[in-house]
Amino acid sequence: MQRSSTPSERPELPAHHQVGERMLLSFEGVTKFYGPVIGVNNISCRIGPGITGLLGANGAGKSTIIKLASGQLRPTQGKVRIGGRNAWSTSAKSHLGYSPDVSSFYEEMTGYEFVYAMARLNGFSRAEARQRTDYVLEEVGMADRRGRRLAGCSHGMRQRIKLAQALVHDPWLLLLDEPMSGIDPGGRREINELLFRLADQGKTILVSSHILVEIEQLARSILMIARGRIIASGTLAEVRGLMKYRPLVVEIVADPVRKLAALVAEYPDVQGVEVRESSLIVRTRNPAEFFAYVGQLVCSRGIDVQRMQTLDSGADAVFDYLQQGRP
Amino acid sequence: MSLLRAWSTLTVLSLRRLLFSASSMMVLLPLAGCLLYVLRRHYGDDYSQREFRQFSEFIILVFASFVVPICALAFGTASVGGDREDRTLVFLLVRPIPRALILLAKFTATLPLVMGLVLGSYWLYCRLAGEVGAIALPLYFPALLWMTLAYVCLFHLFAVTFRHSTVLALVYALFIEVLIGAVPGIVKRAAVNYYGRSIMYAAGEPAGLEPPDPRLFEPLPVDTATWALIGIAIGSLVLAILVFSRREYRDLT
């Protein structure tokens, strides 16, 4: 007996959509000039399955990288490949889902009509396109608002529709430019969960965002861009580890706080100590050894450390620091 | 098969968007103006050489030289330029459809729309113009068809080449075509309507139409002018496909 498919079930896709080869987005010595202005400068990286965050200030080259990867731009030098195919080529686009940062649509259409049209443009038959559209609209949480005209949709709804059109052909590579912009916290959680599910399915997801905390929560690894170059890549912890000689600011809530202040001030790698009401703010240039030292103090001097946390190891601090170090 | 489906979807989508666009309103005004002119002239049921000449000059100098390029540019530039200005072209460019096919789908949607409007309006004006209209209908029909084709292709080239293609196409249609088409010498061959007028004057002459001073107008033979229009159409379309296939549209997002 043939099983009927409901919108909540993931529709089967034609064989050509099942990609067995390397699911890699790769940049090989990519440089892009806009006339005399350089957009990205000799970038090389390989982005594999999972969620990768793309961080960078305005004008750093983030958009150029996304546009090169989505085949809207061609590199002046080097190669951009999607699963081994030239990103500019038509064949590469079968494997690509792209959600642009601009919120422009065919405004006269409903969300359903738009996503359905995009499914048809991917070559699906009417029945397949309907099935895929139903499925992705439910995935992005727009199933109940599918009949609303795009012109009357809120920014958050439009973001979800953009995400739906990027997912409708079930690509293994997703390029999402500021996908959380305008989405409320509850919606962000839903979208995050969706992206985690997609990553678990083995999809390669590149997310660009200026809200660094979002990337921190979402991305398995990070690419930091400044002035057209990759200044750091890896997990946030790995990137943080690159900054061995940068002082780390640590807050310690302890009792007695003044005794602890006196002890840590003697430690050679501590650059400064600030005593507050019940806590210390310590700047250390060797965090790993400093944490071990505090541990020893707890045991040997009977100091009650209630809480110890780093204040600047987030993505913002890492990014600011790495940018400062660039010429 | 999937490519064919994508292409046909894009054609229908483009046609629907063009039909309900501002371009439709833009072309209805001059077409309605022409209709009012024909209705007010009260052409008689009997043939009169004077009326035939007046009607022919209206068709050649107003309809073919002004209204046809306006119709062609309104839809020709909007087919790609509209998506570009609305920043929706990016949704097409990231689909697995060759760029040449995207442009051809846009062209396939635009051409029947413009042809239908131009030739349908022409048929209506001829019907309303009584006997002179009945005589004029088959005479100028081929020239209008080839001119429309050439303009639609040319304005697609404008659309893919220039960012503000509608403005440039308007400048071209209203000034370059009119000015260059009227100057003596070889320069006028750069104007599409010169070839159209060559065909139309040659077609209308046996029925009593007086052509302009041949020393100034220097008309081309009908076959040469027809092939020139076909050549402009094919050349423009091929060039548009090449430009669109290779061009980076950085301003899309």
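The values are calculated or read from the model by the stated rules, or taken from the named source; none is laboratory data. This one's a predicted model, so the numbers in the text were calculated from it and none came from an experiment. Neighbour counts run over all protein chains shown; Cβ positions are idealised from the backbone, glycine included. Heads up: the accessible areas ignore ligands, DNA and RNA and are worked out on the full protein's heavy atoms, side chains in. Shrake-Rupley method; radii C 1.70, N 1.55, O 1.52, S 1.80 Å.
Looking at chain A, send over the antiparallel percent of its DSSP beta bridges, to the nearest 5. Taking every DSSP beta bridge within chain A, about 65 percent pair in antiparallel fashion.
Can you tell which of A:ALA226, A:ALA237, A:ALA262 shows the greatest fluctuation in a Gaussian network model of chain A with Cα springs below 10 Å? Checking each option, the largest mean-square fluctuation is seen for A:ALA262. Taking GluC sites (Glu not before Pro) across segment A:75-114, the ones in a DSSP loop with at most 14 further Cβ atoms lying within 10 angstrom of their Cβ are A:GLU107, A:GLU108.
Computed over segment B:2-252, relative contact order equals 26 percent, with contacts defined as Cα pairs under 8 Å that lie 6+ residues apart.
Helix B:22-41: angle to the longest alpha-carbon principal axis of chain B, degrees 0 to 90, nearest 10? The helix B:22-41 is inclined about 10 degrees to chain B. The H on the amide N of A:LEU54, modeled in the peptide plane, is under 5 Å from the matching H of A:VAL207, A:SER208, A:SER209, A:LEU223, each at least 5 residues off or on a different chain. Residues whose amide H comes within less than 5 Å of that of A:GLY39, counting only those at least five positions distant or on another chain, are A:LYS32, A:PHE33, A:TYR34 (H built at 1.01 Å from N in the peptide plane). Protein-only accessible surface at a 1.4 angstrom probe places the residues B:MET1, A:MET157, B:MET200, A:MET23 in the order B:MET1, A:MET23, A:MET157, B:MET200, largest first. Annotation: for a label point projected 7 angstrom from Cα along Cα→Cβ of A:LEU24, residues of segment A:74-97 with backbone N closer than 14 Å are A:79-86. For the pair B:LEU28 and B:THR224, the difference between a 0.36 nm per residue extended length and the Cα-Cα distance amounts to 67.3 nm.
Largest GNM mean-square fluctuation across B:THR77, B:THR11, B:THR224, computed for chain B with C-alpha springs under 10 Å, falls on B:THR224. When you work out D = kT/(6 pi eta Rh) for segment B:2-252 at 37 °C and 0.692 mPa s, using the Kirkwood radius from C-alpha pairs as Rh and the Stokes-Einstein form, the result is 175 µm²/s.
Scalar couplings 3J(HN,Hα) for segment A:272-280, obtained by applying the Karplus form with A = 6.51, B = -1.76, C = 1.60 to θ = phi - 60°, are x, 9, 10, 9, 10, 4, 10, 9, 10 Hz; x denotes Gly and Pro. Summarising the label geometry, the points placed 7 Å from Cα in the beta-carbon direction at A:ASP269 and A:ALA292 lie 0.8 nm from one another. Helix B:192-204 against the longest principal axis of chain B: what's the angle in degrees, Cα atoms only, rounded to the nearest 10? Helix B:192-204 sits roughly 30 degrees off the main axis of chain B.
Antiparallel beta bridges, as assigned by DSSP with both residues in the protein assembly as shown, represent about 65 percent of the total such bridges. FRET efficiency for the B:PHE175 to A:SER181 pair, using the beta carbon distance and R₀ = 45 Å, is estimated at 0.55. If I model a spin label at B:LEU124 and A:VAL102 as a point 7 Å from the Cα along the Cα→Cβ vector, what separation in nanometres do I get? Distance between the two pseudo-spin positions: 3.5 nm.
Here segment A:135-277 carries DSSP beta bridges of which approximately 50% are antiparallel, counting only pairs with both residues inside. If I fit a long axis through the Cα atoms of helix A:185-200 and take the longest principal axis of the Cα atoms of chain A, what angle between them do I get, 0 to 90°, rounded to 10? Computed tilt is about 80 degrees. From helices alone, chain A scores -10000 deg cm²/dmol at 222 nm; the rule is -39500 (n - 2.57) for each run of n ≥ 4 DSSP H residues, then divide by the residue total. Once the Cβ-Cβ distance of B:ARG41 and A:SER44 is raised to the sixth power relative to R0 = 56 Å, the FRET efficiency obtained is 0.15. Computed extension length for A:ARG197-A:VAL253: 16.4 nm, one decimal, from 0.36 nm per residue of separation with the Cα-Cα distance subtracted.
The value for the protein assembly as shown of Rg(Cα) / (2.2 N^0.38 Å) is 1.32.
For chain A, modelled as a GNM whose springs connect Cα atoms under 10 angstrom apart, the maximal fluctuation among A:LEU236, A:LEU311, A:LEU73 occurs at A:LEU311.
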